[in-house]
Amino acid sequence: MRGTINAKDLDFVTLDLGEKLLDRISLSVKRGEKLGITGPSGSGKTTLGMHLAGVHRKGLFGKSRGSLLLGGMECIDRDLPGFSGIVLQNPAIQLFCDNVFEEISVGPGNRGLSKEEVNAISNRIVGLMGLADIKDSKIKDLSHGLKQKVSIASMIAMRPDVLLLDEPTNFLDPEAQKDMFDVLDVINRESNVTIIVIEHNKKMLSDWADRIVRMDRGRIVPGTHTHKRYPGPDRFDHKAGKEVVRFDSVGYGYGTGVFRLEGSSFTAREGEIISFIGPNGSGKTTILKLIKGVFRPDQGDILIKGRKSTGFSDDVGLVFQDPDEQLFAHTVREECGFCLEDRGFSEKGSTRQVEESLRCMGLKGKDERLPFSLSYGEKRRLAIASVLAWDPDIICLDEPTVGLDDDNLFMLRDILIKMAERGKTIFLSTHDLEFACAVSHNIIRVDRGRVDVKEEDKEVFV
């Protein structure tokens, strides 16, 4: 019975607003099955996954009803320690050790294995996940994508009966995404572990999974999903104005063991959308934080609207890679309006802009929700809405497509294009090459701290 899951008439209701996130779910999963779960943002995918992994009582704020048999034991109202390993949507919140190898070794060590066995297991996982070059690096110095790879590696090393991965490709570059699914295949064949992957990348999921279930409004629904194609990038005009951002031989380093951003030079103009692409840990997020003034360069100069940047710029809005780092208010409405209040907007003007931003980002009707009770995709949209509400001239979006379904990606694309038409300058860091090609006037490749400033032919990336 190890690794088997049987849910019958499973419901889940939140305690804050009494919202029903799961509605009469019945689902059986065989041991060793590779199950994919997909569906729109906020449809209940993560909530279902938490139940199937047996961590609903610790990971969710609400009441579960129905039957939930995990490994043959009824667990609707009890925990089953050691049943599953879980990779959360936000990898940073489940990493605790100082360096990469220590983090991967924690799980095997907690199983009471000898030091030799722990090292053998950990070294093999390091090799499988392509982490050999950073095994001694400090966790705090890693990019979000590399942290995600470490989180996946640490859970695989635990050898659980069930492995749940919630949006595991969120921050991975395309090559790392493929490698991850290859590793999951190896682990599945060797250990017959049951693997559940919640994912918006339907093409990759369909190539890997034995079976895919689709969620919508808290229920498992029949049917397939057809991937939408963006209009070509020639569908909108590029009318760039005067220069607003200039990087002149900019350098920045985090310290020993991590490569530097080196000699970066580029310019951006009013009405221009620029996407930074490149492998995990290449320096894309660093560039956005330098534009905002979170970091200050140790070489070269950054000019914002012709003035040398010396710190935080009020002309620049930054949406972090991790929305949990940016959300702190008690309601969605308060969160979206915080920047406006901080900048002295009138109550009437603030209310109007908050309502419009929430509507544009598909969050109308969720005004009184606790931000941390939202799905990851909804948190992402709220973080974007909270920056768009105060209408900065320069906007930096770090992995803005993470956690968004097709409808929300199309919505975001249209919003960004309209903002560029109003003269806003927009920077994206992304692994979603299709989105970058559909929205960008220019695509800049970043690799190991080096910036390729040549305007790329977007068709190459498609």
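The values are calculated or read from the model by the stated rules, or taken from the named source; none is laboratory data. In this text, all values refer to a predicted model and were calculated from it rather than measured experimentally. Please note: Cβ atoms are built from the backbone with ideal geometry, for glycine as well, and neighbour counts cover all protein chains shown.
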- [ ] Kindly list, by first and then second residue, each pair from a residue in the stretch 432-443 that is within 13 Å of ILE274 (Cβ to Cβ) to a residue that is surrounded by fewer than 21 Cβ atoms within 10 Å (Cβ to Cβ) and of a type in the set (Phe, Trp, Tyr), limited to pairs with Cβ atoms under 6 Å and residues at least 6 apart or on different chains.
- [x] CYS437/PHE461
TODO: Inspect the stretch 97-115 for any residue being assigned to a loop (DSSP other than H, G, I, E, B), touching a residue at least 60 places away in the same chain (Cβ under 8 Å), touching a strand residue (DSSP E or B) at 6+ places or on another chain (Cβ under 7 Å) and not aromatic (Phe, Trp, Tyr) and give the result as yes or no.
DONE: no
- [ ] Specify the residue that is nearest to the chain's Cα centre (by Cα); the eligible residues are those in the stretch 156-175 that are part of a helix (DSSP H, G or I) and surrounded by fewer than 24 Cβ atoms within 10 Å (Cβ to Cβ).
- [x] PRO174
- [ ] Filter the stretch 25-54 down to the residues that are among the charged types (D, E, K, R) and surrounded by 15 or more Cβ atoms within 10 Å (Cβ to Cβ), then identify the one that is farthest from GLN89 (Cα to Cα).
- [x] ARG31
Open item on the list: ASN90 - would you say it is in contact with a helix residue (DSSP H, G or I) (Cβ under 8 Å, 6 or more places away or on another chain), closer than 30 Å to SER137 by Cα and touching a residue at least 60 places away in the same chain (Cβ under 8 Å)?
Closed with: yes
TODO: Name, by its number, the condition in (1) at pLDDT below 95; (2) small (Gly, Ala, Ser); (3) within 21 Å of SER282 (Cβ to Cβ) that does not hold for ALA438.
DONE: (3)
Open item on the list: For the stretch 384-405, give me the residue count where each residue is part of a loop (DSSP other than H, G, I, E, B), of a type in the set (A, V, I, L, M, F, W, C) and under 17 Å from the mean Cα position of the chain (by Cα).
Closed with: 2
TODO: Could you tell me which residue of the stretch 246-266 is modelled with the lowest pLDDT, considering only residues that are touching a Ser or Thr at 6+ places or on another chain (Cβ under 7 Å), closer than 19 Å to ASP398 by Cα and crowded, with 23+ Cβ neighbours inside 10 Å?
DONE: LEU261
Open item on the list: I'm trying to understand the selection: among the residues of the stretch 267-288, which are surrounded by 20 or more Cβ atoms within 10 Å (Cβ to Cβ) and among the basic types (Lys, Arg)?
Closed with: LYS284
Task: Selected residue (only one of GLN321, GLN299 is farther than 29 Å from PRO174 by Cβ, touching a residue at least 40 places away in the same chain (Cβ under 8 Å) and not β-branched (Val, Ile, Thr)) - done: GLN299
Open item on the list: Going residue by residue through the stretch 353-374, is there one that turns out to be assigned by TED's automatic domain parsing to the domain that holds ILE417, under 22 Å from SER313 (Cα atoms) and part of a loop (DSSP other than H, G, I, E, B)?
Closed with: no
Task: Qualifying residue in the stretch 399-415 (condition: under 24 Å from ASP324 (Cβ atoms), in the same structural domain as LEU340 (by TED's automatic domain parsing), among the charged types (D, E, K, R) and touching a Pro at 6+ places or on another chain (Cβ under 8 Å)) - done: yes
- [ ] Have a look at SER440, SER386 and point out the one that is of a type in the set (S, T, N, Q) and either touching a Lys or Arg at 6+ places or on another chain (Cβ under 6 Å) or within 18 Å of VAL244 (Cβ to Cβ) (or both).
- [x] SER440
TODO: Go through the stretch 135-158 and count every residue that is without any contact (Cβ under 8 Å) to a residue 60 or more places away in the chain and among the β-branched types (Val, Ile, Thr).
DONE: 2
